[in-house]
1. Just to confirm the filter: which GluC sites (Glu not before Pro) across the stretch 365-419 are DSSP coil and have at most 15 other Cβ within 10 angstrom of their Cβ?
2. Of LYS118/LYS318; LYS346/LYS380; LYS85/LYS261; LYS105/LYS348, which ones are farther than 29 Å apart at the Cα?
3. Pairs LYS126/LYS161; LYS268/LYS337; LYS204/LYS405; LYS46/LYS405; LYS161/LYS420; LYS164/LYS292: which are spaced more than 32 Å apart, C-alpha to C-alpha?
4. Projected onto the charge dipole of the chain (+1 at Lys/Arg Cβ, -1 at Asp/Glu Cβ, origin at the Cα centre), which of VAL162, LEU20, ASN212 gives the Cα projection farthest towards the positive end?
5. How large is the Rg to Rh ratio of the stretch 133-284 when both quantities use alpha carbon positions and Rh follows Kirkwood?
6. Per residue, what volume in Å³ does the Cα convex hull of the chain take up?
7. Taking other Cβ within 10 Å of each residue's Cβ, how do THR339, THR101 sort, fewest first?
8. Take the alpha-carbon centre of the stretch 356-426, take the same for the stretch 190-223, and report the distance between them in whole Å.
Amino acid sequence: MNFISTRGQAKPCLPSEAILKGIASDGGLFVPESWPVIKIDPKWSKLKFSEFASLILSYFFQDDPLQKYLPEICAKAFHFPIPLKKISADTSVLELFHGPTNAFKDFGARFLALATEKLPQRNSKKRLVLVATSGDTGGAVASAFFENTQIPVVILYPKNKVSKRQEMQLTTWGPTVRAIAVNGSFDDCQSLVKQCLVADWAQKDFEFISANSINIGRLLPQMTYFCYASLLYLQQHQKSASFIVPSGNLGNSAALLWAQKLGFPIRKAIFAHNANRAVVDFFETEKWTPHKTIATLANAMDVGNPSNFERIQNLYPKLEDLKVLANSVSVTDDDIKATIQSGKSKWKEIWCPHTATAVQYRETQKDSNYVIVATAHPAKFETIVEPLIQSEVPLPENLKLILSKRPVSIEIDPDIKELKKNLIGL
Ligand SMILES: *Cc1c(COP(=O)(O)O)cnc(C)c1O
C-alpha cells in the first residue's frame, strides 16, 4: 500500500520508504493513501499481541519489502506484557509502560529500529539516528536501536532539564549511543538537529533516520494496540469503550483515530491535554492557534504546536465530523496533583502525571465504558508522585537495572560546530 503526504505534493511511496524518509519531501506527514477494508474477527482478541499486530500491519505493508518480516519484527519488538486491567465495573486501564524504558514510546521505537535494520542500505552513507529529546523519546529510541541494531544513536537533551531517572535512561547504553547534554533548552537541541539535517557536511556522510513521532514506523504499531484493546474490552463487556489518551504531540491520538477508522469498536477518542490547549481551543473555536510551550507536571505532553494535528485534519477536514468521533480536554497541574493524590483511595492505583490527565477526565464523566490509556510508569516521575502519595513508588525491574549503571555524557554549548566534532568516529 502506498503512503501519501498530507500536503499532497510528494510522490506516493511504500511504507518502508516513508519510514526511511521520516517526513515527506513537501514537508507534509505521510498518511495511508486509502484505508484497507478489514473484516474484523472478535476472536482476534485471543491472539498474542505480537501476532495480532503483525496481522493488522500486514494490510498496510502489502507489496512492501518489510511485509515478509512483520511476524519476526513484531515478535521481537513486543516481547513485554500489554495488560488491559479492570479497575472498576466499566473502566479499564491499558498499561503501555511495561517495555524496556517504561513508557509507551517503546512500542514505536522498537518497531522502527527493527524495521530499519531489515531495510537494505541504498547508498554508502552511514546510517545515524539523531534525536532531540525532552525526556522519554530519547531513552526509548536509544534502548530500541542499541538492543536491536548496529545503527548508532546521538541524543541531544537539555542539561539539567530532564529528570534524574530519565537522564540515566539516556546515558547508560555504551559507545554506540552518544548522549549529549546541551547547555540550553529543548528548543536549542531541536534547532541543532534541524541545522545538522540540512548541513552539507552532514548530508555527505550520513543517512539520518528520523525517530520522532511523525515517523509512520512509530505510528502504525501504536495504532495496533488500540485495535487490540478495543477487541479485548468488547469481549469482556459486550460493549465498546471510549478511549482517553494523554496527548502532547498527538501521535497516540492520531493512531487511535486510525484504529477507529479501520472499524475497530472504539466509541469515542478523547484527547486529554495538560495546560497546553491548542487542540482544546480548536475543538471550541475551530481556529488552530499553536502557542509557545507551557511547562507542566506532565512534561512529555508539553507541546504548544503538536505536529500530528496535520494528520488529524487530513483524516477529518471538517470539525463537525471530528466531533462525532472525538473530543478533547485540558487538565491543570492542580487537577493532576489531586488525581494522583486520590488515586490509591479511588482506584487503588498510582498514576504518573501524564496518565492522571486521562483519569481526571474519567472521573468527571457520568456515562460508562471507558479505557484509560496509561502512557508511563509512575516510578519515572517519582519526584512528583512520591510527595503526593506520601510513599515510595516501587521500582520496575528495567528501571532498577538502568539505575545501577554508570552514566556517560558529553557536554556541549548549543553550537553546530561542537555537535559536528562529536559526530566524528561514529
Ligand atoms: C510522549 C508522551 C505522551 C504524549 O504522546 P503524544 O503521542 O506525543 O501525544 C504522553 N505521555 C507520556 C508518558 C509520553 O512519554
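Readers should treat all values here as calculations from the given coordinates under stated rules, not as data from a laboratory. What you are looking at is a predicted structure, and each value in this text was computed from that prediction instead of being measured. Every residue, glycine as well, gets a Cβ built from its backbone with ideal geometry; the counts of neighbours run over all protein chains shown.
1. Values: sites: GLU382, GLU392, GLU397, GLU411, GLU418; in loops: GLU392.
When the GluC sites (Glu not before Pro) of the stretch 365-419 are filtered for loop state and at most 15 Cβ neighbours within 10 Å, GLU392 remain.
2. Working: LYS118/LYS318 39 Å; LYS346/LYS380 22 Å; LYS85/LYS261 24 Å; LYS105/LYS348 25 Å.
In this structure, LYS118/LYS318 exceed 29 Å between Cα atoms.
3. Values: LYS126/LYS161 30 Å; LYS268/LYS337 26 Å; LYS204/LYS405 35 Å; LYS46/LYS405 38 Å; LYS161/LYS420 23 Å; LYS164/LYS292 25 Å.
Beyond 32 Å: LYS204/LYS405; LYS46/LYS405.
4. Of the candidates, LEU20 comes out farthest on the positive side.
5. Ratio of gyration radius to Kirkwood radius: 1.04.
6. Numbers: hull volume 57.0 nm³, N = 426.
Output value, Cα hull per residue: 134 Å³.
7. On the way: THR339 24, THR101 29.
Going from sparsest to densest Cβ surroundings: THR339, THR101.
8. Using only Cα atoms to place each centre, the spacing works out to 22 Å.
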